[in-house]
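J.: Mind having a look at this structure? Questions to follow.
A short reminder: the numbers here are calculations on the coordinates, not readings from a lab. Quantities reported herein were computed from a predicted structural model and do not represent experimental measurements. Cβ atoms come from the backbone with ideal geometry, glycine included; neighbour counts cover every protein chain shown.
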Amino acid sequence: MEYIEGETLGVLVDRLGATTDYARELYPALCDAVDELHAGFAMVGETSAPVIHRDLKPSNIIVTGANRTLDEGLTFSSLVIIDLGIARVWRDGADADTVKFGTRPYAPPEQYGFGQTSVRSDVYALGALLFFCLTGTDPKSGFDMREQCEMCGIPAPLADVICMSMALDPAKRFASAEALGRATRAAYDLSRPVRPPAPAPVRTPASETVLTPQGLQNPAGLPRHAASAACGLLSRVPESLGRIWNTLVCFSLLVFFAGSHFAVFYPTGANQGYPTWLLIIEYFFFVDGLMVLMHFALLDKRRLRRRFALLDSYRGKKFAKLWLKALGVLLLCMIVIVAVANATGVVDTSAT
């Protein structure tokens, strides 16, 4: 067995840390290497057939001369794919693989008896490897990839590449490792922050990034803002527990709504002297509005962010600023209404 000098991709990411710099040169080079493997090998006069690796993972990628600096970013000398122990040659017409092996976080469904593996099976594993390079962790099998990318703060263009690569349906993945490499390079260009010396980008209404199985189309699109670069604690919480938590939050809100109903239609104490219309404004608009804001802040919003793109654009400080603005407007309106009611004699706050 030939000795190959270098370190595995897993050791490299552990040493240098997870970063989008991998998507600039090293990861596309890996895609090119896999694409050469898919080109197949054949003797003179024979037709070559794709060789499917079927076990692409961090420990099977050897990198030499890797280093990372602030000026040059991530650089490396060479990259080698090892361990073709379960590799196979693609056969036209086969329904499934004879032997079903692989490393779970990096193996596609068809590798476990759901069909014959093809070049798109290795594309699935490459997508998982990109996730590993950007986060330092293996993707969690059985969990939504879009959600995992969001929780780990992966920039949206790169998250789109990962999600397409790891689609459960092979037909929805990139058609080749080469197409995946091109899409990753373009997604990296969209994701990297604008340096201070660089001129501000020109925004055009037609700028839009579209991913297809053949690669990234219209790479002139504008990047969406990325969240934090570190995986949030919420990513470790199963979404089923998030739904249970949301149910409890909604139940708590309904209890407050019921309290407001009774305060308006069955007033007690000082409220008995106020007109019904004022109680409706006070409780149904101000009190219930305040409760809605507080409970919305407590919600597990992962499913909502996937469904509503506008909500997905408000994260962290941006979401906190919007929430505080809404709270400020609500309190200001309440102060104005009470002041007007007091001035007109409807409410006498000076009375004790």
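J.: Grab the beta carbon distance between residue 4 and residue 258, set R0 = 56 Å, and tell me the FRET efficiency rounded to 0.05. Working shown, then result.
T.: Numbers: r = 69 Å, r/R0 = 1.23.
It comes out at approximately 0.20.
J.: Taking neighbour counts of Cβ atoms within 10 Å as a proxy for exposure, in what order, fewest first, do 110, 36, 5 appear? Walk me through the intermediate numbers first.
T.: Working: 110 20, 36 14, 5 10.
By the 10 Å Cβ count, ascending, the order reads 5, 36, 110.
J.: Extension gain residue 331-residue 89, at 0.36 nm per residue separation less the Cα-Cα distance, in nm? Spell out each step's value before the answer.
T.: Values: separation 242, 0.36 × 242 = 87.12 nm, distance 6.85 nm.
Length gained between residue 331 and residue 89: 80.3 nm.
J.: Within the set 57/140; 140/172; 301/321; 140/317; 140/301, which residue pairs have Cα atoms separated by over 26 Å? It would help to have the intermediate numbers written out before the result.
T.: Working: 57/140 14 Å; 140/172 20 Å; 301/321 17 Å; 140/317 28 Å; 140/301 20 Å.
Distance filter (> 26 Å) returns 140/317.
J.: Another one. Just how many % of Cα pairs in the range 237-343 lie over 17 Å apart, if you round to the nearest whole percent? Show your work: numbers first, answer last.
T.: Values: 3570 of 5671 pairs.
Tail of P(r) above 17 Å: 63 percent of Cα pairs.
J.: What's the FRET efficiency of residue 323 with residue 64 using the Cβ-Cβ distance as r and R₀ = 51 Å, to the nearest 0.05? Spell out each step's value before the answer.
T.: On the way: r = 50 Å, r/R0 = 0.97.
FRET efficiency, residue 323 to residue 64: 0.55.
J.: Going by how many other Cβ atoms sit within 10 Å of their own, how do 53, 261 line up, fewest first?
T.: Working: 53 26, 261 13.
Going from least to most buried by this count: 261, 53.
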